[in-house]
Every structure is written in C-alpha cells, then in structure tokens.
1. Could you please give the count of residues in the stretch 431-457 that are assigned to a helix (DSSP H, G or I) and within 16 Å of ligand 1 (Cβ to nearest atom)?
2. Looking at Ile439, Ile447, which one is closer than 24 Å to Val292 by Cβ and either more than 48 Å from the chain's Cα centre (by Cα) or within 16 Å of ligand 2 (Cβ to nearest atom) (or both)?
3. What number of residues within the stretch 339-350 satisfy the criterion of being over 49 Å from the mean Cα position of the chain (by Cα) and open to solvent by less than 10 Å² (accessible area, probe 1.4 Å)?
4. With Ser244, Ser296 as the choices, which residue is hydroxyl-bearing (Ser, Thr, Tyr) and over 20 Å from Glu478 (Cα atoms)?
5. For a quick check of your reading of the model, give me the residue pairs whose first member lies in the stretch 263-277 and is hydrophobic (A, V, I, L, M, F, W, C), whose second is part of a loop (DSSP other than H, G, I, E, B), with beta-carbon atoms closer than 7 Å and at least 6 apart or on different chains.
6. Does any residue in the stretch 459-488 that is closer than 16 Å to Ile416 by Cα and more than 16 Å from ligand 3 (Cβ to nearest atom) come within less than 9 Å, Cβ to Cβ, of a residue that is in a helix (DSSP H, G or I) and open to solvent by less than 30 Å² (accessible area, probe 1.4 Å) six or more places away or on a different chain, and which pairs are these?
7. Residue check: is Leu437 touching a His at 6+ places or on another chain (Cβ under 8 Å) and either touching a residue at least 60 places away in the same chain (Cβ under 8 Å) or buried (at least 21 other Cβ atoms within 10 Å of the Cβ) (or both)?
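The values are calculated or read from the model by the stated rules, or taken from the named source; none is laboratory data. Keep in mind the model is a prediction, meaning the values are calculated, not measured. Note: ideal-geometry Cβ built from the backbone for every residue, glycine included; neighbour counts use all protein chains shown. For the accessible areas, the whole protein counts, side chains as well, though only heavy atoms, and no ligand, DNA or RNA atoms are used. Shrake-Rupley method; radii C 1.70, N 1.55, O 1.52, S 1.80 Å.
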Amino acid sequence: MKKHFILKFKIDSGIKVSFFFISCLVLSMAILLPFSSLHYKNLTQGSAHYLETELSNIKTSFTPFLDTKFTQSSCASFIREFRQKVFNEKIVKESGIFNQQDHFFCSTTQGDVSFNLFKSIRKRLNESPVNTTLSYTKTAITGEKSVLLIFSKPEIGGISSLIPPQYLVDMVKTELSPYDISFKLEVINRELTQNIDDRPFEKYYYQSSRYPFSITAYLGLSYYLNFLLNYLWFGFLVAGVSTSLLVFYKHKKLSQSSLGFSLSNALDKHQLYINYQPIVEKSDEQLGYKVVGCESLLRWKDPQLGNVPPDVFIPLAERSGLIQDLTYFVLKEALELLKTHKRLFQSQYISVNISRKVICRRDFIERVNAIFKKDRHFLNQIVFEITENTECSEAELEVIKENLKTFSDLGVKVAIDDFGTGYSGLDFIRKFPFHVLKIDKVFVKNISDESSYAIPLIESIIQISNSLKTKIIVEGVENTAQLSTLNNLGINCIQGFHFYKPVPKKDLINILRRQRAINHF
Ligand code: C2E
Ligand code: CA
Ligand code: CA
C-alpha cells in the first residue's frame with residue numbers, strides 16, 4: 001500500500017513533468033518561428049554575397065590583362081598567356097578582350113576576332129559604379145545561352161568572360177538547398193533556373209547592389225520543418241532549463257510543504273477522520289457471529305496527495321511527535337461516538353491504536369484523564385491496542401508498566417496488536433497486564449495451506465493465551481476457508497474483510513442498528 005502510494009505519486013508527478021517539458025518544447029519552437037524570416041533573409045543574402053565574391057574574384061584575376069600593354073597590342077602576342085589564364089580559372093570557360101573603342105579583337109577560343117561590344121552593355125557598364133555588368137545571351141562562339149561577366153577600365157578597354165549559367169545556379173544551390181529553400185536566379189531579369197516544384201507560400205526577393213542579378217527565395221513547408229529541426233536543440237535547451245527550474249521549485253515547495261508539514265496542518269484543516277472496522281465474535285453455534293466491538297483506524301485525505309495510507313503517515317507522525325495529538329483526536333472521537341450512541345454501544349467496545357511513543361510518556365495518564373474527566377465509566381468500553389515491536393529503554397518500559405496498570409484499574413482493556421511479529425515476544429507480554437492478543441494477518445494468509453507453519457504457531461499462541469487468561473482476536477480473515485480453519489482451532493473472535501472492511505462512522509452505526517433490530521426480533 002505504501003509502495004503503491006509512493007509509486008502512484010511518482011507516476012503522477014512524472015506525467016505532469018513530462019507534460020510540462022513537452023509544452024515548453026512546443027512553446028519555445030512556436031516562439032522561434034517568427035525568427036525564421038530573419039533566418040531565410042540572411043541565408044538568401046549570404047548566397048548572393050557568395051556569388052558576388054566569386055564574380056569579384058574572377059574580375060581580380062583577369063585585371064592584369066586590363067592594361068594598354070595588351071589592349072593596344074596584337075592578339076597573337078598574348079593569346080597563349082590569355083588562354084592559360086582561362087584554363088586555370090574554375091568557372092570561366094572562355095574570355096574575350098576589347099580595346100578602348102569597345103572593339104573585341106581577341107578571344108581565347110578563336111584567337112583573332114573582330115566585333116563590337118553591344119551598345120546596351122556599354123550603357124550598363126557606364127551606369128555601374130564599378131564598371132562591371134552581367135549579360136545572359138546566346139554567344140556566337142558556343143551557340144549556348146551563357147552568362148557573361150564584363151568589366152572595363154576607361155581609356156584602356158575591357159574583358160568579357162563566359163560562365164556556364166549552371167555554375168552560378170549551383171553556387172546558390174549549395175548555399176540554400178541544405179535548408180530546403182527553392183529559389184529563382186535572374187540575371188538582367190532573365191531566369192537562369194527552371195521549375196520551382198513545390199508550391200511555396202512565402203517568398204523573399206533580393207537584388208544584388210553590385211551586379212545585375214537577383215535571387216528570389218521560396219519558402220515552403222519543408223523549409224519550416226527543416227528550420228524547426230535545426231533549432232530543436234534550442235527547444236530542448238529551453239524546455240530542459242524550464243523543467244529543471246520547475247522540478248527544483250516543486251521540490252523546494254514539497255520539502256517546505258512535505259508530508260510532515262501537510263500532516264501537521266491536516267488536523268486543523270479537518271482532513272483527518274476515522275473509519276471503524278467491526279470485530280465479530282461467535283458466542284454460540286446457532287446465533288453465529290455478532291459485532292462485539294470495532295477498531296478505530298485513522299484516515300487522511302490530503303487535497304493534493306489524495307488518500308495517504310496510514311502505513312505512510314503514522315510512522316511520520318511518530319517521528320515528528322505529532323502522533324500524540326493524533327491519538328488524543330482518535331480518543332476524543334471514540335468517546336463522542338460512545339456518548340452519542342450509548343444504547344447502540346451498550347455492550348460494544350472501541351479499540352484505539354496507541355503508539356508506544358505515546359504510551360511511554362509520563363503525561364499520557366493526565367491527557368487521557370482530561371478527555372474522560374466527566375465520562376470515566378466509558379473507559380470500560382475502550383481497548384488500547386499497543387504493538388510489541390518498538391524497542392524501549394528500561395526507563396520507558398517502567399513508565400509503560402505504570403500507565404498500563406493505572407488504565408487497567410480504570411477499566412481499560414489492553415490488547416497486544418500484531419502479536420507474533422514483534423521483537424520482545426513472550427518477555428514483553430509477561431511483564432504487563434494484557435487482556436487480548438491480536439494475531440497478525442500474516443499468520444492467517446496461508447492458514448488453509450496444510451503445510452503452512454501457521455497452524456502450529458496459532459496453536460501455541462492459544463496455549464499461551466490460555467495460561468495468561470487472555471482473549472484472542474485474529475486479524476486479516478478474508479475468506480471462508482480461513483474462517484473454518486480458525487473455527488476448528490476454537491478461535492471465535494475475528495476481524496477481517498470477510499466480515500467487514502473499515503467503514504465510516506455512519507455505516508458502523510447502521511451495522512449496529514441492524515444487528516440490534518435482529519436481536520430484538
Ligand atoms: P493495524 O492496527 O494492524 O490495523 C489493522 C489493519 O489491517 C488496517 O489497516 C485494516 O484495514 C487492515 N485489515 C483488517 N482486516 C483485513 C483483511 O482482512 N485483509 C487485509 N489485507 N487487511 C485487513 P490500515 O487501516 O491500513 O492501518 C494500518 C496500520 O496503521 C494499523 O495497523 C495501525 O498500526 C496503524 N494505524 C491506523 N490508525 C492508527 C491510529 O489511530 N494510531 C496509530 N498509532 N496507528 C494507527
Ligand atoms: Ca491495531
Ligand atoms: Ca494489527
């Protein structure tokens with residue numbers, strides 16, 4: 001029961017923490033989403049800058065040919081050097097050189113050539129702050145549509161280099177594809193790329209300020225998924241930190257308001273109540289079993305933790321010292337029940353569990369006397385159940401002996417609870433005046449099993465009880481087989497689920513009323 005409670009508590013808080021972690025993860029990813037526009041703009045601009053740099057590098061590497069030494073001499077005198085240059089270039093396939101009058105006189109493929117630079121290109125070169133432009137046309141030499149990078153120097157001439165368009169497209173692709181961004185690359189408003197296959201719902205246009213090309217980025221679902229996946233570490237970080245803070249905070253709160261703390265308030269907040277488990281006795285074969293008394297069993301229902309089992313909170317109360325107040329609360333409730341239902345409880349008793357921590361205190365008699373001050377005769381209907389399994393000092397044992405003697409004289413019956421499971425055994429029962437031995441449920445569990453050690457043990461307990469002249473109650477009887485075995489052993493007094501489970505006060509009253517009605521009938 002205790003393990004089950006702790007496990008349930010752990011599972012409940014585990015589910016809550018996991019839910020919080022997932023919520024934080026989703027929320028942080030949702031917060032990140034608006035930043036995606038910054039991300040794709042940066043990427044698009046980055047790819048454009050990469051292209052600009054590559055084009056500038058080509059320009060720089062050809063700049064040595066922009067010299068009157070070449071533009072004013074014959075093609076044959078430098079064609080070899082010029083071809084060598086193109087050969088060493090990564091993305092340039094061929095190149096041509098024009099003189100001060102915009103007249104092409106030398107090309108790396110054909111050597112001597114003679115044609116003029118287009119006027120429209122000259123116009124663009126003049127408009128460019130760096131005397132550089134691009135063109136996308138079908139060249140006379142290859143017959144293929146190609147990109148031309150053209151740059152010139154006033155008073156000297158210029159160079160035109162041919163670049164296959166796919167090279168430029170691939171450059172942008174290497175930058176944008178890893179992010180699932182599709183794009184359109186245009187040179188002088190003419191498209192180099194083809195077919196944007198997925199249907200994107202967002203686009204971003206970037207025009208280079210240095211060259212006449214533009215990139216339009218298209219962002220579809222796959223881009224956003226990719227973006228979120230790339231930044232999942234961020235989500236995990238935020239969720240991880242938030243969850244750790246939550247767990248830390250909860251832990252702190254829990255240790256402040258730990259079980260002990262909650263229990264100390266439980267009494268004032270009326271979260272504690274008592275269930276009563278009827279105890280039955282068979283006085284004669286014909287009349288069968290009759291309720292002769294009941295055991296008061298404390299219950300705690302915490303608003304947050306739910307029903308906390310006594311196996312958990314009683315040891316806690318014993319450690320914190322709160323057990324005294326709890327015991328006096330149970331005693332007051334028992335007295336109240338006896339008083340308000342005098343007739344019903346005429347020959348019935350209520351047993352109350354008294355922890356050794358309580359019975360070994362010197363003020364125990366005083367406190368109980370204060371409760372029963374005006375109703376001393378009800379002490380005859382009270383049974384104290386004490387266990388034998390807490391070790392005590394000699395001095396404490398002396399106090400217990402005195403207290404039990406005093407109560408015995410006042411009419412209180414004393415029962416040894418869970419008999420057979422404690423340490424002190426026979427020694428303990430010989431020292432004190434007991435009226436009842438309650439045999440623990442562990443002995444009953446396998447009692448119907450022929451090979452069980454329980455029967456000889458119970459038989460020897462019966463012998464002890466006969467010699468001490470005490471009564472026997474067997475706890476934990478759950479079925480008819482156990483009951484009949486006990487019956488054959490001559491045990492008449494039973495407490496167990498077979499007859500009754502612990503029930504609320506009003507149910508106990510109904511049980512007694514019914515029994516009374518049957519008896520009168
Ligand atoms: P206990 O004094 O041995 O009480 C009997 C326990 O056995 C109760 O458990 C009862 O519900 C359970 N029981 C009775 N018949 C059967 C049965 O047929 N089968 C099974 N499986 N169990 C049965 P509960 O109520 O959980 O109490 C557990 C323990 O908590 C008690 O054991 C007692 O030691 C302690 N306790 C409960 N109330 C108080 C109290 O007011 N003061 C003190 N000091 N201890 C208390
Ligand atoms: Ca008990
Ligand atoms: Ca018991």
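1. First, pick out the residues of the stretch 431-457 that are assigned to a helix (DSSP H, G or I): 431, 442-445, 454-457.
Then keep just the ones that are within 16 Å of ligand 1 (Cβ to nearest atom); that gives 442-445, 454.
Total meeting the criteria: 5.
2. Values: Ile447 fails: either more than 48 Å from the chain's Cα centre (by Cα) or within 16 Å of ligand 2 (Cβ to nearest atom) (or both).
The unique qualifying residue is Ile439.
3. Total meeting the criteria: 1.
4. Details: Ser296 fails: over 20 Å from Glu478 (Cα atoms).
None of the other options fit; the residue is Ser244.
5. Every condition considered, the pairs that remain are Leu263/Leu322.
6. Close Cβ pairs (under 9 Å, with a partner that is in a helix (DSSP H, G or I) and open to solvent by less than 30 Å² (accessible area, probe 1.4 Å)) amount to Ile464/Ile429; Leu468/Ile429.
7. On the way: touching a His at 6+ places or on another chain (Cβ under 8 Å): no; either touching a residue at least 60 places away in the same chain (Cβ under 8 Å) or buried (at least 21 other Cβ atoms within 10 Å of the Cβ) (or both): yes.
Taking the combined requirement at face value, the residue does not satisfy it.
Conditions (1) modelled with pLDDT under 90; (2) under 24 Å from Ser28 (Cβ atoms); (3) assigned by TED's automatic domain parsing to the domain that holds Lys41, marked per residue:
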position: Thr216; (1), (2), (3): no, no, yes
position: Leu225; (1), (2), (3): no, yes, yes
position: Leu232; (1), (2), (3): no, yes, yes
position: Ser244; (1), (2), (3): no, yes, yes
position: Ser257; (1), (2), (3): yes, no, yes
